[in-house]
């Protein structure tokens, strides 16, 4: 329902039609009504099932939880292809880190790529 509410505003047939086909096995009556409302005369169960496309599953960024002295303080998003040294340099400059560093330099910054950032004071 959340997905449908978000997509309802776009009115893009290339998104809404495959979505109707996907929900047809779980909610056949409403899917058939939606299919007919989109202007199709044949049954939704005669339509081809959407094909899998792996490019839509690849993530390019990750929202790292940032721990300061062992406590979760904020989250920061970085690209997954950034190396840990660049993340260490960038995290110190963020507003969230500056709040907790209080002008002091951290003793150590530990970056576990794709998992967590830990700042030790």
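The values are calculated or read from the model by the stated rules, or taken from the named source; none is laboratory data. These figures come from a predicted structure and were not determined experimentally. So basically every Cβ, Gly included, is an ideal-geometry build from the backbone, and we count neighbours across all protein chains shown.
Applying the set (1) touching a helix residue (DSSP H, G or I) at 6+ places or on another chain (Cβ under 7 Å); (2) within 27 Å of residue 1 (Cβ to Cβ) to residue 97 leaves exactly one unmet item: (2).
Set side by side, the residues 41, 24 differ, and just one is exposed (fewer than 12 other Cβ atoms within 10 Å of the Cβ) and at pLDDT 90 or above, which is 41.
Of the residues making up region 75-121, those that are under 19 Å from residue 60 (Cβ atoms) and assigned to a helix (DSSP H, G or I) number 5.
Can you pull out every residue in region 44-68 that is surrounded by 10 or more Cβ atoms within 10 Å (Cβ to Cβ) and assigned to a helix (DSSP H, G or I)?
44, 45 - these are the residues of region 44-68 that are surrounded by 10 or more Cβ atoms within 10 Å (Cβ to Cβ) and assigned to a helix (DSSP H, G or I).
Can you tell me which of (1) out of contact with any helix residue (DSSP H, G or I) (no Cβ under 7 Å at 6 or more places or on another chain); (2) under 30 Å from residue 17 (Cβ atoms) is the one residue 120 doesn't meet? Answer for residue 120: the failing condition is (2).
Only one residue in 75, 71, 108 is touching a strand residue (DSSP E or B) at 6+ places or on another chain (Cβ under 8 Å), under 30 Å from residue 119 (Cα atoms) and exposed (fewer than 10 other Cβ atoms within 10 Å of the Cβ), so which one is that?
On inspection, the qualifying residue turns out to be 108.
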